[in-house]
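Structure first, commentary second.
The values are calculated or read from the model by the stated rules, or taken from the named source; none is laboratory data. Bear in mind the structure is a predicted one, so any value in this text is a computation, not a measurement. Neighbour counts are summed over all protein chains in view; Cβ atoms, including those assigned to glycine, are modelled from backbone coordinates with ideal geometry. The accessibility values were calculated without ligands, DNA or RNA, using every heavy atom of the protein model including side chains. Shrake-Rupley method; radii C 1.70, N 1.55, O 1.52, S 1.80 Å.
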Amino acid sequence: MSIIPIINPTQSYTFADYFKLNSEPDNILSYFGYGYESRSLSLPQTHRQLERLDNLKQRLQEILPYVSLTSEMARREFLIAPVLMELIHYTQVKIKVGYSLKINEQLKGELDYFLQTKTQFLVIEAKNADLQKGFTQLAVELIAVEKAEFANYSLLYGVVSMVDIPLAEAQGILKQSKTGFLKA
């Protein structure tokens, strides 16, 4: 843990500001009273037949040569949004895009995607670079969601997606007991 304070308690921070900080995730999360551990995660899976996914993959492969994916907005609109539309088809989950959340002056900002069902919760952060810093931002967003007390979930799920790099994503789980974040 850092001896020099990373976060100034009198300064205002948005979620995006935590991405810009040049600090290790455990140092930032400890400020909020959370721990951090990196290990393999077993995430919930479905046994449902996902008959539309091959079609989605084919459509994405067809358009990718014609779309510039140099901005986060382009990746969100052309890659992440189609996947989320399929998620809605299969689960009827409600998705809020660009969801504003303010707990206090150090936990505020906009969540890229905010998904909530009766039993599960997911925050998705789309980043264009630096998976580790994206995870730090996601972790702070999950802390804010937990403090907002939308519902009594024992686990909150989050994912950072860097869709321009195949398989580049980080998943995080916040345990409600404040044991901290698990990252895979």
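Data overview
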read-out	value
Pairs with Cβ under 9 Å, 6+ apart, first in the stretch 75-89 and part of a helix (DSSP H, G or I), second open to solvent by 60 Å² or more (accessible area, probe 1.4 Å) and charged (D, E, K, R)	ARG75/ASP164; LEU79/ASP164; PRO82/ARG59; GLU86/ARG52; ILE88/LYS94; HIS89/ARG52
Top-ranked residue in the stretch 104-124 [being in a loop (DSSP other than H, G, I, E, B) and at pLDDT 90 or above; ranked as surrounded by the most Cβ atoms within 10 Å (Cβ to Cβ)]	GLN106
Condition met for GLU51 (open to solvent by 90 Å² or more (accessible area, probe 1.4 Å), assigned to a loop (DSSP other than H, G, I, E, B), among the charged types (D, E, K, R) and without any contact (Cβ under 8 Å) to a residue 24 or more places away in the chain)	yes
Residue check, PHE135 crowded, with 17+ Cβ neighbours inside 10 Å and without any contact (Cβ under 8 Å) to a residue 24 or more places away in the chain	no
Counted residues, the stretch 6-48 - those being in contact with a Lys or Arg (Cβ under 9 Å, 6 or more places away or on another chain), hydroxyl-bearing (Ser, Thr, Tyr) and either under 15 Å from ALA144 (Cβ atoms) or in a loop (DSSP other than H, G, I, E, B) (or both)	5
Per-region count, the stretch 69-103, residues among the basic types (Lys, Arg), open to solvent by 70 Å² or more (accessible area, probe 1.4 Å) and within 16 Å of VAL159 (Cβ to Cβ)	1
Those residues of the stretch 1-40 which are open to solvent by 40 Å² or more (accessible area, probe 1.4 Å) and under 26 Å from SER154 (Cβ atoms), in sequence order	ASP26, TYR31, GLY33, TYR36, GLU37, SER38, ARG39, SER40
Yes/no for ILE63 being more than 22 Å from VAL123 (Cβ to Cβ), of a type in the set (A, V, I, L, M) and surrounded by 11 or more Cβ atoms within 10 Å (Cβ to Cβ)	yes
Every residue from the stretch 125-143 that is aliphatic (A, V, I, L, M) and either part of a helix (DSSP H, G or I) or modelled with pLDDT of 90 or more (or both)	LEU131, LEU138, ALA139, VAL140, LEU142, ILE143
